[in-house]
Each structure stands twice: as structure tokens, then as C-alpha cells.
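Notes to accompany the following structure.
Nothing in this text is a laboratory measurement; each read-out follows from the coordinates by a stated rule. Note that the structure is predicted; figures quoted are calculated from it, not measured. Because the Cβ atoms are built from the backbone with ideal geometry, glycine has one as well, and the counts that use them run over all protein chains shown.
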Amino acid sequence: MKKIGLTGGIASGKSTVSAMLKELGVTVIDADKVYAGLSEKGNRVWQAVRSEFGEQYFLPDGQMDRKAMAALVFFDERARRKLNQLTHPIVKDEIESMLDQIEKNQCPDLVAVDVPLLFESGWDKWMDEVWLVYIPQRLQIERLMRRNDLTREEALLRIQSQMDIETKRELAHRVIDNSRSRNHTFAQVQSILKEVRQRRK
């Protein structure tokens, strides 16, 4: 079973490509969804964050205050590193367990693991191949401002909290250009998937 690491910059359209892969019959593990599940009250990420950061980042009902945590890590690099060091091993352990179950029960030819911070976390090392969803930073800024109703400065700050998209482009095995139409992106995904599957035969 080939493990594909799917990544991209913020607002690059990674979720769109992830949905396309599902449409084409590929099993996709969404690291953000895994993280969200582990952040539910009483779960492992929830326990680790509460212990390290304190109750001020939790709502009265006990759930994690995601907006407060996001505001903290976007503006405080030390806090962001601490959070990642704390939570990434927990999420990685969960994803590895999911991959084992998928291989055992479904035995697919490949699985895509959708991870926003794939390179930043070093998770590219345990993927067989990395696919990057790419758009130029100029478009990233425009799309993020529109999507999240941010100022240019706010959007740029969020983009700069991640590895530079051009650096990711150099590190990736395959690049999916998402700067044009959906059909253009879908054609690339189909072509790459066809090539990868033919190579495995």
C-alpha cells in the first residue's frame, strides 16, 4: 500500500484536491479531522493541551476553545512550536493506527494522507510520495482574505506561519497547480493518479 502525503499552503485548495481523490476512489485520511476528533473533551489531544496550556483555552462546557488557541499560535511562534511538539506525535500515532487498519481490512493500492503541515512536522519522511497543491503566494493572499474575511496583513501572517510555498514546491515529488479552473486541477489529479497506479502494476 503506497502512502501519499497530500499537502499545500493555506488556502491553496488542498481540500478541493482531497475531495477529487475521494471522487476517484482513493481512501483519504484527513489529519485535521483526526486532530479535531482527538481534541474532543476527554480525548488525548484535549488532555495534553489542557495540561500544558491551562483552562483559559477551554470553554465553560469543557470543550477546547479553538478560536483562542488559533489566535495564540498564529501570533506566538514559541506557543505554536510547543503545541505542535505536544500534539503531532499523538495525531501521528492515531493516523498510523488508521493506516494499519485500512491496509488490513481494505488492502487498497494507495492511501492519501491530507496533512497541512506535512513538511513542517517532518511527516514527509514516512510517506512514499508527496503531492503538493500549489498556487502562487499572491493568489494565496487573495483567497485567504476572501475566505476568512481577513486584512492583507492578517492573511500574510497566517501564510508566513507555514513553510514557504515555493520551498514546498521544490521538496514535493509531484505538484498540482490549482491556480486555474477546477477542470484543469481535476485533469492533473486524474493524470497523476493514473500514472502512479500504472507504475504499481
Query raised in the report: With θ set to phi - 60° and the Karplus curve 6.51 cos²θ - 1.76 cosθ + 1.60, what are the ³J(HN,Hα) couplings of the stretch 64-76 in order, to the nearest whole Hz, using x for Gly and Pro?
Result: 5, 8, 5, 5, 5, 5, 4, 4, 5, 6, 6, 9, 10
Query raised in the report: If amide H atoms are built 1.01 Å from N in the plane of the peptide, which residues on other chains or at least 5 residues away come under 5 Å of the amide H of Lys2?
Result: Leu110, Val111
Query - Helix 14-23 axis, angle to the chain major axis (alpha carbon atoms, nearest 10°) - result: 50 degrees
Query - Residue (of Gln198, Gly5, Leu156) at the positive-pole extreme of the chain, dipole from beta-carbon charges - result: Gln198
Query raised in the report: Using the Cα atoms as the points, what is the convex hull volume per residue of the stretch 39-107 in Å³?
Result: 101 Å³
Report task. Taking amide H positions as placed in the peptide plane 1.01 Å from N, state which residues far from Val175 in sequence (5 or more) or on other chains have amide H under 5 Å from it. Result -> Leu132
Requested in this report: Mind listing the long-range amide H neighbours of Ile29? Cut-off is under 5 Å, sequence gap 5 or more, other chains count too, H placed in the peptide plane at 1.01 Å from N.
Outcome: Ala112, Val113, Asp114
**Report entry** 3J(HN,Hα) from dihedral phi, the stretch 149-166, Karplus parametrisation 6.51/-1.76/1.60, rounded to Hz, x for glycine, proline
**Finding:** 6, 10, 6, 4, 5, 5, 5, 4, 4, 5, 5, 6, 6, 10, 4, 4, 4, 6
Query raised in the report: To the nearest 10 degrees, how steeply does helix 182-200 sit against the main Cα axis of the chain, on a 0 to 90 scale?
Result: 70 degrees
Query raised in the report: For the Cα atoms of the chain, what angle does the longest principal axis make with the long axis of helix 44-53, in degrees from 0 to 90, nearest 10?
Result: 40 degrees
Query raised in the report: Between Lys33 and Gln101, what is the spin-label point distance in nm, taking each point 7 Å from the Cα along the Cα→C-beta axis?
Result: 1.3 nm
Query raised in the report: How many lysine pairs does the chain hold where the Cα atoms are under 19 Å apart and the two sit 8 or more places apart or on different chains?
Result: 29
**Report entry** Rule-of-thumb Rg ratio for the chain [Cα; 2.2 N^0.38 Å; N residues]
**Finding:** 1.06
Requested in this report: Calculate, for Leu157 and Lys22, the FRET efficiency according to 1/(1 + (r/R0)^6) with r their C-beta to C-beta distance and R0 45 Å; round to the nearest 0.05.
Outcome: 0.90
